[in-house]
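K.L.:
Have a look at this one before I ask anything.
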Amino acid sequence: MLVYGKNSCEEILKQGKDIKRVYLERNFKDKVITSLIEKLKIKPVFLTKYELDEMTLGNHQGVAVDVLEFKYADIDEIIKENGFIVMLDHLEDTHNFGAIIRTCEAAGVDGIIIPKDRSVSVNSTVMKTSSGAAVNVKICMVTNLAQTINYLKEKGYWIYASSMDGTSYTSEDYKTSTCIIIGNEGKGVSELVRKSADFIVSIPMIGKINSLNASVAAGIFIYEVVRQRSN
């Protein structure tokens with residue numbers, strides 16, 4: 001997997017794991033990144049800006065790192081006492097996924113769960129959009145979300161699915177083990193997942209638009225959990 005952009009590559013280099021090759025634009029001068037490369041004793045491959053443009057699909061900022069494919073965590077790695085998990089129900093937009101990963105990392109979420117089929121996965125765009133946060137967040141890929149929800153319940157988690165017709169998200173108590181579910185950008189939370197949840201929660205819509213971007217909604221829910229737990 002090719003990771004590009006200064007923030008994403010810096011996080012990869014800080015980890016220092018699974019790095020196959022580093023590409024730098026000629027005359028690249030970011031001292032933080034070059035010092036990390038030197039520390040790891042990696043000999044970078046120098047390319048022209050055009051060559052890096054051809055290699056990447058976005059703003060590479062003069063650096064790209066070829067790493068092994070992303071390693072997904074096992075579900076039991078993210079289950080904790082009074083834990084906090086975010087589940088994404090067949091999210092499709094890589095930019096939304098990257099933004100949610102970044103928010104989860106900033107908020108100290110224990111892990112993210114995504115389904116194996118018909119869903120976003122961790123790729124170069126997600127790494128770039130998350131500013132490398134995906135390196136520091138445990139992400140689980142599961143076969144069946146409903147079965148995973150039942151497993152989380154067995155482990156003491158309360159499940160909150162976001163939807164337009166639920167109770168206000170601020171009226172619930174998230175101080176015990178909590179899993180927040182964010183639905184697909186167009187269809188929302190699927191019916192089977194909705195039925196498996198303990199609570200349906202909503203963000204009040206006052207304006208004429210009746211829904212929020214998935215990453216924005218996730219951020220609001222996540223920081224309500226953080227707010228309650230910090231009091």
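K.L.:
Return one whole number: the accessible area per residue of the chain in Å², for a 1.4 Å probe. Could you put the intermediate results ahead of the total?
P.N.:
Working: 12000 Å² over 231 residues.
Per-residue value: 52 Å².
K.L.:
When only C-alpha pairs under 8 Å and at least 6 residues apart count, what is the relative contact order of segment 94-231, in percent?
P.N.:
Values: 200 pairs, mean separation 35.5, N = 138.
After rounding, I find 26 percent.
K.L.:
Which value, in Å to one decimal place, does the Kirkwood hydrodynamic radius take for segment 1-71 when every pair of different Cα atoms is included?
P.N.:
Details: mean 1/r = 0.0841 Å⁻¹.
So the Kirkwood estimate lands at 11.9 Å.
K.L.:
Same structure, new question: If you work out volume of the Cα convex hull per residue in Å³ from the coordinates, which of (1) 199; (2) 124; (3) 142 do you get?
P.N.:
(3)
K.L.:
Something else now. Express the carbon and sulfur contribution to the solvent-accessible surface of the chain as a percent, rounded to the nearest whole number, probe 1.4 angstrom.
P.N.:
Working: 5810 of 12000 Å².
Using a 1.4 Å probe with all protein chains present, the chain comes out at 48 percent carbon and sulfur.
K.L.:
Can you find, among THR125, CYS179, ASN150, the residue sitting farthest towards the positive end of the charge dipole of segment 75-189, where Lys and Arg contribute +1 and Asp and Glu -1 at Cβ?
P.N.:
THR125
K.L.:
Per residue of segment 83-100, what does 6.51 cos²θ - 1.76 cosθ + 1.60 with θ = phi - 60° give for ³J(HN,Hα)? Whole Hz please, x for Gly and Pro, Karplus curve as stated.
P.N.:
Here the 3J(HN,Hα) series is x, 9, 10, 10, 10, 10, 8, 6, 4, 10, 8, 5, 5, 4, 4, x, 5, 5 Hz.
K.L.:
Here is a follow-up. At a probe radius of 1.4 Å, what is the per-residue accessible area of ASP173, in Å² to the nearest 10?
P.N.:
Number for this one is 90 Å².
K.L.:
Separate question: Using Cα-only point scatterers and the Debye equation, what is log10 of I(q)/I(0) for segment 65-172 at each q in 0.10, 0.19, 0.24 Å⁻¹, rounded to two decimals?
P.N.:
One equal scatterer on each Cα of segment 65-172 leads to -0.29, -1.03, -1.50.
K.L.:
Please state the charge dipole magnitude for the chain, taken about the Cα centre, from unit charges on C-beta atoms (+1 on K and R, -1 on D and E), reported in debye and rounded to the nearest 20.
P.N.:
Working: 28 positive and 29 negative charges, 132 e Å.
Roughly 640 debye for the chain.
K.L.:
Pairs on different chains or at least eight residues apart, Cα atoms closer than 18 Å: how many lysine pairs in segment 21-101 fit? List each step's numbers first, then the result.
P.N.:
On the way: LYS29/LYS39; LYS29/LYS41; LYS29/LYS43; LYS29/LYS49; LYS31/LYS39; LYS31/LYS41; LYS31/LYS43.
Close lysine pairs under the 18 Å cut-off: 7.
K.L.:
Related question: Tell me the mean residue ellipticity at 222 nm calculated for the chain from its helices only (DSSP H runs of n ≥ 4, each -39500 (n - 2.57), averaged over every residue, nearest 500). Could the numbers behind the result be given before it?
P.N.:
On the way: 8 runs with 79 residues, N = 231.
Calculated from helices alone, the mean residue ellipticity at 222 nm is -10000 deg cm²/dmol.
K.L.:
Sort MET127, MET141 by accessible area with a 1.4 Å probe, largest first.
P.N.:
Details: MET127 5, MET141 65 Å².
Highest to lowest solvent-accessible surface, that is MET141, MET127.
K.L.:
Given a 1.4 Å probe and heavy atoms of the protein chains only, how would you sort SER130, SER171, largest accessible area at the top?
P.N.:
Working: SER130 0, SER171 80 Å².
Ranked list, largest accessible area first: SER171, SER130.
K.L.:
Please list, by residue number, every one of the GluC sites (Glu not before Pro) in segment 35-110 that is coil in DSSP and has at most 14 other beta-carbon atoms within 10 Å. Show your work: numbers first, answer last.
P.N.:
Working: sites: GLU38, GLU51, GLU54, GLU69, GLU77, GLU81, GLU92, GLU105; in loops: GLU69, GLU81, GLU92.
Passing sites in segment 35-110 are GLU69, GLU81.
K.L.:
Note down the net charge around HIS90, summing +1 for each Lys or Arg and -1 for each Asp or Glu among other residues with Cβ under 13 Å from its Cβ. Intermediate results must be reported in sequence, preceding the final value.
P.N.:
On the way: positive: LYS116, ARG118, LYS187, ARG194; negative: ASP89, GLU92, ASP93, ASP117, GLU185, GLU191.
Once all neighbours under 13 Å are counted, the net charge is -2.
K.L.:
Non-local amide H neighbours of ASN144 (under 5 Å, H modeled in plane, Pro and chain starts lacking H): which ones?
P.N.:
Those lying under 5 Å, H to H, from ASN144: there are none.
K.L.:
Which net charge results for the neighbourhood of GLY186, defined as the other residues with beta-carbon distances under 11 angstrom from its beta-carbon, given Lys and Arg at +1 and Asp and Glu at -1?
P.N.:
-2
K.L.:
Non-local amide H neighbours of THR178 (under 5 Å, H modeled in plane, Pro and chain starts lacking H): which ones?
P.N.:
Long-range HN contacts for THR178: GLY83, PHE84, ILE85, TRP158.
K.L.:
With a cut-off of 8 Å between alpha carbons and a minimum separation of six or more residues, what is the relative contact order of the chain in percent?
P.N.:
Details: 440 pairs, mean separation 47.6, N = 231.
The value is 21 percent.
K.L.:
Which aspartates and glutamates, on any chain, are close to LYS187 with Cα under 18 Å apart, when same-chain ones fewer than 8 places away are left out?
P.N.:
Within the straight-line cut-off, LYS187 pairs with ASP89, GLU92, ASP93, ASP117, ASP165.
K.L.:
What order do HIS90, HIS60, HIS95 take when sorted by accessible area (1.4 Å probe), most exposed first?
P.N.:
On the way: HIS90 40, HIS60 5, HIS95 105 Å².
Most to least solvent-accessible, the answer reads HIS95, HIS90, HIS60.
The values are calculated or read from the model by the stated rules, or taken from the named source; none is laboratory data. Note that the structure is predicted; figures quoted are calculated from it, not measured. As a convention, Cβ positions derive from the backbone with ideal geometry for all residues, glycine included, and neighbour counts pool all protein chains shown. The protein model used for the area step is the full one, side chains on, heavy atoms only, and it has no ligands, DNA or RNA in it. Shrake-Rupley method; radii C 1.70, N 1.55, O 1.52, S 1.80 Å.
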